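Report on the following structure.
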Amino acid sequence: MSSQTATPPIRFEFRKGTFLSRVQLHLIYWGTHWRDAKHPSVADVSSAVKKIICPGRYLSGLAQYNRLGCEPVVDFVQTPYDVDAENPPKTFQDDATHSDVVEEVKSLMGPIERESPPDPHAQPLYLVMMPPGTTCSSTDTDGELLAGEHNWFVKDGHRRVYYGWVLHGTIERMTIALSEELAESITDPEPPCCDDALAGWVMKDNQGEFQEVCDVCEGITATVDGVRVQTYFSNEKMDCIAPPAIPK
């Protein structure tokens, strides 16, 4: 008999957390770079996002994880406050002790929501696009730099706000990371750190670490409507998918 531990089949389970069926998506472009940015520009990123959230396309495969049986609805909200000329720290922090990203989101929520009042039937998701030359002080479990991350915080003592960030890069690198953070924010908006009390759709690997739907598909990408995206795992297909594309 082999002494090796067999790899368990991949199967995501819903714990006790949340699935975001309807999202108000805000992109925040942090830093003076984004005022006149090119390759990619603000328009490049925004155009790609509109294709990623188009109904019946990339996010449609997430319907299998929605108890309502339908794909999540994502409304892309744009306001004059989306570009913040204040530059972030070169090495920004986003962990349990402090988050520069959370402070940035909090500082802009007021003017953004006055310009575009929140939909009471949707959850806000703020994704922050970082400028060139910035890195996060945190690393992944292998000690490698993160390309993006998502999390949540409580505002005004009761209101849950979901957020994420994406490091600067080529448009392809940014849309891969952005699509991953979007898909995982929807399926597991309150990611677990050491227990599954708030987890949405997750699984545990052989080391007992929580994996989200894109984690197990790392390195497998696809092109949807001309936009490079990260694939995510499908319990139905038992494979990595990015509708309607064929992953590569």
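Criterion first (surrounded by fewer than 20 Cβ atoms within 10 Å (Cβ to Cβ), in a strand (DSSP E or B), modelled with pLDDT of 95 or more and out of contact with any Phe, Trp or Tyr (no Cβ under 7 Å at 6 or more places or on another chain)) does Asp75 satisfy it? Steps first, answer last, please.
On the way: surrounded by fewer than 20 Cβ atoms within 10 Å (Cβ to Cβ): yes; in a strand (DSSP E or B): yes; modelled with pLDDT of 95 or more: yes; out of contact with any Phe, Trp or Tyr (no Cβ under 7 Å at 6 or more places or on another chain): yes.
Yes; evaluated as a whole, the condition is true for this residue.
Name the residues in the stretch 135-176 that are of a type in the set (A, V, I, L, M) and under 19 Å from Trp201 (Cα atoms), would you?
Residues of the stretch 135-176 that are of a type in the set (A, V, I, L, M), as a first pass: 145-147, 154, 161, 166-167, 171, 174, 176.
Matches in the stretch 135-176: Val161 only.
Of the residues Gln123, Gln93, which single one is touching a Lys or Arg at 6+ places or on another chain (Cβ under 8 Å), in contact (Cβ under 8 Å) with a residue 24 or more places away in the chain, within 23 Å of Pro192 (Cβ to Cβ) and polar (S, T, N, Q)? Reasoning before the result, please.
Working: Gln93 fails: touching a Lys or Arg at 6+ places or on another chain (Cβ under 8 Å).
From the options Gln123, Gln93, the qualifying one is Gln123.
Which is surrounded by fewer than 13 Cβ atoms within 10 Å (Cβ to Cβ), within 30 Å of His39 (Cβ to Cβ), among the β-branched types (Val, Ile, Thr) and in contact with a strand residue (DSSP E or B) (Cβ under 8 Å, 6 or more places away or on another chain), of Thr135, Thr91? Give the derivation first.
Details: Thr135 fails: surrounded by fewer than 13 Cβ atoms within 10 Å (Cβ to Cβ).
Result of the check over Thr135, Thr91: Thr91.
Among the residues of the stretch 32-72 satisfying the criterion of being in a loop (DSSP other than H, G, I, E, B) and among the basic types (Lys, Arg), which is surrounded by the most Cβ atoms within 10 Å (Cβ to Cβ)? I'd like the intermediate steps shown before the answer.
Taking the stretch 32-72 first, the residues in a loop (DSSP other than H, G, I, E, B) are 36-41, 53-57, 66-72.
Okay, now just the ones that are also among the basic types (Lys, Arg), so 38, 57, 67.
On the way: Lys38: 8, Arg57: 19, Arg67: 8.
Within the stretch 32-72, the match that is surrounded by the most Cβ atoms within 10 Å (Cβ to Cβ) is Arg57.
Take residues that are within 24 Å of Val73 (Cα to Cα) and of a type in the set (Val, Ile, Thr) and tell me which of the strands (runs of 3 or more DSSP E) falling wholly in the stretch 186-245 contain 2 or more. Before you say what the answer is, go through the steps one by one.
Working: elements: 201-204, 221-224, 227-230, 232-234, 239-241.
The strands (runs of 3 or more DSSP E) meeting that bar are 221-224, 227-230.
Please pick out the residue among Thr175, Thr221 that is free of Cβ contacts under 8 Å to residues at least 60 places away in the same chain, more than 16 Å from Leu62 (Cβ to Cβ) and within 17 Å of the chain's Cα centre (by Cα). Please lay out each step first, then the result.
On the way: Thr175 fails: free of Cβ contacts under 8 Å to residues at least 60 places away in the same chain.
After applying the criteria, what remains is Thr221.
Identify the residue in the stretch 143-174 that is among the acidic types (Asp, Glu) and not in a strand (DSSP E or B) and, among all such residues, is nearest to Val102 (Cα to Cα).
Asp156
Mind telling me which of the residues Glu113, Glu86 ends up being charged (D, E, K, R) and either surrounded by 15 or more Cβ atoms within 10 Å (Cβ to Cβ) or free of Cβ contacts under 8 Å to residues at least 24 places away in the same chain (or both)?
Glu113
Can you tell me which of (1) in contact (Cβ under 8 Å) with a residue 24 or more places away in the chain; (2) in a loop (DSSP other than H, G, I, E, B); (3) more than 19 Å from Glu184 (Cβ to Cβ) is the one Tyr29 doesn't meet?
(2)
Could you give every pair whose Cβ atoms fall below 8 Å, whose first residue belongs to the stretch 62-76 and is in contact (Cβ under 8 Å) with a residue 60 or more places away in the chain, and whose second residue is surrounded by 15 or more Cβ atoms within 10 Å (Cβ to Cβ) and acidic (Asp, Glu), counting only separations of at least 6 or pairs across chains?
These pairs meet every condition: Leu62/Glu71.
Working carefully through the options Met174, Met203, find the one that is on the phi < 0 side of the Ramachandran plot, crowded, with 16+ Cβ neighbours inside 10 Å and at pLDDT below 95.
Values: Met174 fails: at pLDDT below 95.
When all the criteria are applied, what remains is Met203.
The values are calculated or read from the model by the stated rules, or taken from the named source; none is laboratory data. What you are looking at is a predicted structure, and each value in this text was computed from that prediction instead of being measured. A quick note on method: Cβ atoms are made from the backbone with ideal geometry, for glycine too, and the neighbour counts reach across all protein chains shown.
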